[in-house]
Amino acid sequence: GQLPTWLQGILLRNGPGMHTIGDSKYNHWFDGLALLHSFTFKNGEVYYRSKYLRSDTYNCNIEANRIVVSEFGTMAYPDPCKNIFAKAFSYLSHTIPEFTDNCLINIMKAGDDFYATGETNFIRKINPQTLETLEKVDYNKYVAVNVATSHPHYDSAGNVLNMGTSIVDKGKTKYLLFKIPSSVPEQEKKKSCFKHLEVVCSVPSRSLLHPSYYHSFGITENYIIFVEQPFRLDIVKMATAYIRGVSWASCLAFNKDDKTWFHFIDRKTKKEVSTKFYTDAMVFFHHINAYEEDGHIIFDIIAYTDNSLYDMFYLKNLSKDFEKNAKLTSIPTCKRFVVPLQYDKDAVVDSNLVTLPSTATAVKEKDGNIYCQPEILCEGIELPRINYDYNGKKYKYVFATQVQWSPVPTKIAKFNTQTKEMLHWGQDDCWPSEPVFVPRPDAKEEDDGVVLTCVVKTDPKDPPFLLVLDAKTFTELGRATVNVEMHMDLHGMFIPQQDVKTETE
């Protein structure tokens, strides 16, 4: 096929790539050492490269020729031969553990620079052209967070907004929203933008020792949306995990009888909306988009009724017969919540406060809390992406992978949230990754552009390829075959040519 001439830049992706080191193996697919890979589009041609992230974790493991740094699903013991005193000491020092810098989930842009990100307090600067690993940044030096999301948002000025959890800091556990400026004052050109990081606001955790796990958050023009789900980390269990010889993943628990609370933070006043909104227990990882309309906040997420998704990715479940064995007990459901921020304060108890046309409801209760039920938009999609120019605004299209009862995608989909129509691309024995939408320069319509995805084949002898689809029609424009082993990855971003600093700069 042929690539559009305007498609110039780098598709940069990240995911777990190495699961065996010497004789040791990780337990979980999400634990593997980060492998970056990129497709560079230049004058109608595509260039591929891949490189392991040379994190401290990678270097320590390779040098020891075994896993010596713990990951979320795999607890590692640095030196089995040390004497008993050294051992006791290392147990004690693991209370709030030194987390890994194996940043294997996503790519973030901050200022002119790009970072590989995970969910700990460490991120790694990388060169998007050569995939070299550069300095390590510890968020904790600039803001008191122990974990942070790998799905930040970017405002119109290019500032990064992200969230992290501050665990039992000064006797409180809270969720912090922080902002990394896109540029620093002229006189401080040599300083990093992290030195100017500011905490926008904080939301206290409902429990000191059981903060909620979250993978992303939502944003509209005026509000930040944070969903506190009953899928929680047990801090005491985490602190003793090393001694007990269990992984941190075993310290996560879902309480199906609990509520899921919605927090809305006003971006101007930095204060939380005082009304308490909640829904039933659910587990979710990805926000799709959110916007405001007639006094309501509308936000779309992909949710599950349990936490079986994480368990699916234990490597013992991803064996040859995983299509037969790895069955989700809960199918991903695209839910739209419609939350009336401005409602009639004299409304009667048990009345639905939603005044927009939607099957979503928000019912006022006796205690003043508002119980929200979603509209179901569709089922069976994950890893959602949108045209980011529509982030926080009313939008139509979601580009996503399609999953049925197995967690590994078999197709990619384009879903119209307004008409509920769905288009698909799929072929036998093809496993596509998260689709990334790239808008055509000067596009007037939301879906005017291309969708990029990397496709791995079932048979190792069939080479993987990069697929380019017309985003409007979902028809194939072209594919670039790569004669190397390509890994299934997680997330990534497209970097337009003008955002890539050349080497001389």
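The values are calculated or read from the model by the stated rules, or taken from the named source; none is laboratory data. Nothing here was measured: the structure is a model prediction, and the numbers come from that model. Positions of Cβ are backbone-derived with ideal geometry, glycine not excepted, and every protein chain shown enters the neighbour counts. Just so you know, the surface numbers come from the protein's heavy atoms only, side chains and all, with ligands and any DNA or RNA stripped out. Shrake-Rupley method; radii C 1.70, N 1.55, O 1.52, S 1.80 Å.
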Report summary line: Sorted by accessible surface (1.4 Å probe, heavy atoms of the protein chains only), largest first, 23, 447 come out as 23, 447
Report summary line: For residue 379, the residues 5 or more places away or on another chain with a placed amide H closer than 5 Å to its own amide H are 334
Query raised in the report: Over the chain, what percent of the accessible surface lies on carbon and sulfur atoms, probe 1.4 Å?
Result: 51 percent
Query - For residue 277, distant residues with modelled amide H under 5 Å away - result: 262, 370
Query raised in the report: Which part of region 207-227 falls in the paramagnetic zone of residue 311, meaning amide N under 20 Å from the point 7 Å along Cα-to-beta-carbon?
Result: 213-214
Query raised in the report: Tell me, what is the 1.4 Å probe accessible area of residue 188, in Å² to the nearest 10?
Result: 50 Å²
Requested in this report: Filter the trypsin sites (Lys or Arg not before Pro) in region 184-243 to those in DSSP coil with at most 15 other Cβ atoms within 10 Å of their Cβ, and list the result.
Outcome: 189, 190, 191, 206
Requested in this report: Treating only the Cβ atoms of Lys and Arg (+1) and Asp and Glu (-1) as charged, compute the dipole magnitude of region 93-229 about its Cα centre; round to the nearest 20 debye.
Outcome: 300 debye
Report task. Calculate, for region 391-505, the solvent-accessible area per residue in square angstrom, rolling a 1.4 angstrom probe over the heavy atoms of the protein chains. Result -> 47 Å²
Report summary line: Hydrophobic long helices for the chain, i.e. whole DSSP H runs reaching 15 angstrom or more by Cα along the axis with Kyte-Doolittle mean at least 0.5, come out as none
Query raised in the report: Which of the GluC sites (Glu not before Pro) found in region 90-181 are in a DSSP loop and have at most 14 neighbouring Cβ atoms, other than their own, within 10 Å?
Result: 98, 132
Requested in this report: Let me know the shape class of region 10-70, please: from the alpha-carbon gyration tensor, a ≥ b ≥ c as square roots of the eigenvalues, rounded when a/c is under 1.5, otherwise prolate if a/b is greater than b/c, or oblate.
Outcome: prolate
Query raised in the report: Gap in Å between the Cα centre of region 390-419 and the Cα centre of region 165-201?
Result: 32 Å
Query - the chain - charge dipole about Cα centre, Lys and Arg +1 at Cβ, Asp and Glu -1, debye rounded to 20 - result: 1000 debye
Query raised in the report: Just how far, in whole angstrom, is region 467-491 from region 26-49 if you go by their alpha carbon centroids?
Result: 12 Å
Query raised in the report: So how far apart, in nm, are the two label points at residue 355 and residue 331 if each is 7 Å from Cα heading toward Cβ?
Result: 3.6 nm
Query - ³J(HN,Hα), Karplus 6.51/-1.76/1.60, whole Hz, each residue of region 445-458, x for Gly, Pro - result: 10, 4, 9, 8, x, 10, 10, 10, 8, 9, 10, 9, 9, 5
Query raised in the report: How much solvent-accessible surface does residue 353 expose, in Å² to the nearest 10, with a 1.4 Å probe and all protein chains in place?
Result: 10 Å²
Report task. Work out, in µm²/s and without decimals, the Stokes-Einstein translational diffusion coefficient of region 141-266 at 4 °C, 1.567 mPa s, Rh from Kirkwood over C-alpha pairs. Result -> 81 µm²/s
Query raised in the report: What value does region 403-491 have for Rg/Rh, both radii from Cα atoms and Rh as Kirkwood defines it?
Result: 0.98
Report summary line: In terms of the charge dipole of region 9-499, which places +1 on Lys and Arg and -1 on Asp and Glu at the beta carbon, the residue among 402, 164, 496 farthest towards the positive end is 164
Requested in this report: For residue 449, list long-range residues whose amide hydrogen, built 1.01 Å from N in the peptide plane, is under 5 Å from its own amide hydrogen.
Outcome: 440, 471, 472
Query - Kirkwood Rh and Cα Rg combined as Rg over Rh, evaluated for region 9-499 - result: 0.95
Report summary line: Dividing the mean separation of Cα pairs under 8 Å (6+ apart) by the residue count of the chain yields a relative contact order in percent of 12 percent
Report task. On the full set of protein chains, 1.4 Å probe, figure out the accessible area of residue 386 and give it in Å² to the nearest 10. Result -> 20 Å²
Query raised in the report: Can you list the HN-Hα couplings for region 487-497, worked out from phi with the Karplus curve (6.51, -1.76, 1.60; θ = phi - 60°), rounded to whole Hz and with x for Gly and Pro?
Result: 9, 6, 10, 10, 9, x, 8, 9, 10, x, 3
Query raised in the report: Say the dipole of region 9-499 comes from +1 at the beta carbon of Lys and Arg and -1 at that of Asp and Glu; which of 274, 424, 20 then lies farthest toward its positive end?
Result: 20
Report summary line: Going residue by residue through region 374-391, the Karplus relation 6.51 cos²θ - 1.76 cosθ + 1.60 with θ = phi - 60° gives ³J(HN,Hα) values, rounded to whole Hz and with x marking Gly or Pro, of x, 8, 8, 7, 6, 10, x, 10, 8, 6, x, 9, 10, 6, 5, 5, 9, 5
